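Colleague: Please see the structure below; I have some questions.
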């Protein structure tokens, strides 16, 4: 479906502040998987983490008022769709994609920038490959307005309904889990990072204690998959 057709159906990008310096972007009515994307502000420019599946002049103007986009980072291939369109709207802002997922890129251009394990699209923001959902699935670490650290987790680590816990899935729509070994690997890959809050791909939030939530949840997940608690089922 073309952009003009989507606009005719009333689609628009809704932008809301989640905390000082961090705005959530989502398309209404719901489009694609209904993802929530994030615009994280730094003194050196803004990062768009994950990409809305729709763009129009109103959204571009609204984001320009917030400081524009200096870099774009999709967390995994399900977020690739409109990345070059958003890049073009902001002076060909570089698009950071993990090399491990490069085979999924359908549109190529000079804005595409590939990284292996870590990347710093802006001086205050770290991208890290954690894998799991896709081999190149990545998270972003942003200092936050208070310097306590915020993880933008994409689909790699998902806050759940119970406060203070997260989960890890190969496929969320199909409830396909990851192995205990992979989950422990994901938790270990972020163990050296400092973060207190987390924002997930569908608007879920851990407002405090996110670091401990990741480590505790990974341990619980792996132990359940090991059969340790089969006697409770």
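The values are calculated or read from the model by the stated rules, or taken from the named source; none is laboratory data. Computed from a predicted structure; not experimentally measured. Please note: Cβ atoms are built from the backbone with ideal geometry, for glycine as well, and neighbour counts cover all protein chains shown.
Colleague: Sort out which residues of the stretch 183-210 are surrounded by 20 or more Cβ atoms within 10 Å (Cβ to Cβ), in a helix (DSSP H, G or I) and in contact (Cβ under 8 Å) with a residue 40 or more places away in the chain, and write them in order of number.
Modeller: Once the filter is applied, which keeps residues that are surrounded by 20 or more Cβ atoms within 10 Å (Cβ to Cβ), in a helix (DSSP H, G or I) and in contact (Cβ under 8 Å) with a residue 40 or more places away in the chain, the stretch 183-210 yields 183, 186, 210.
Colleague: Let me ask another. Can you name every residue in the stretch 5-43 that is under 18 Å from residue 197 (Cα atoms) and at pLDDT below 90?
Modeller: Of everything in the stretch 5-43, nothing turns out to be under 18 Å from residue 197 (Cα atoms) and at pLDDT below 90.
Colleague: Name the single residue that is farthest from the chain's Cα centre (by Cα) among those in the stretch 165-182 being in a loop (DSSP other than H, G, I, E, B) and either surrounded by 17 or more Cβ atoms within 10 Å (Cβ to Cβ) or at pLDDT 95 or above (or both).
Modeller: 179
Colleague: To continue, here is another question. Looking at the structure I just gave you, is residue 217 farther than 26 Å from residue 24 by Cα and touching a helix residue (DSSP H, G or I) at 6+ places or on another chain (Cβ under 9 Å)?
Modeller: Considered against the rule, which asks whether it is farther than 26 Å from residue 24 by Cα and touching a helix residue (DSSP H, G or I) at 6+ places or on another chain (Cβ under 9 Å), residue 217 comes out as no.
Colleague: If only one of 55, 33, 15 is more than 19 Å from residue 140 (Cα to Cα) and surrounded by fewer than 16 Cβ atoms within 10 Å (Cβ to Cβ), which one is it?
Modeller: Result of the check over 55, 33, 15: 33.
Colleague: A further question follows. If I filter the stretch 91-123 down to residues being in contact with a helix residue (DSSP H, G or I) (Cβ under 6 Å, 6 or more places away or on another chain) and within 18 Å of residue 40 (Cβ to Cβ), which single residue comes out as surrounded by the fewest Cβ atoms within 10 Å (Cβ to Cβ)?
Modeller: 93
Colleague: Would you check which residues across the stretch 65-87 are assigned to a loop (DSSP other than H, G, I, E, B) and modelled with pLDDT under 95 and list them?
Modeller: If the condition is that a residue be assigned to a loop (DSSP other than H, G, I, E, B) and modelled with pLDDT under 95, then 75, 76, 80, 81, 82 are the ones that fit.
Colleague: Go through the stretch 133-147 and give me each residue that's outside any strand (DSSP E or B) and either within 14 Å of residue 41 (Cβ to Cβ) or touching a strand residue (DSSP E or B) at 6+ places or on another chain (Cβ under 7 Å) (or both).
Modeller: Residues satisfying the conditions are 133, 136, 137, 143, 144, 145, 146, 147.
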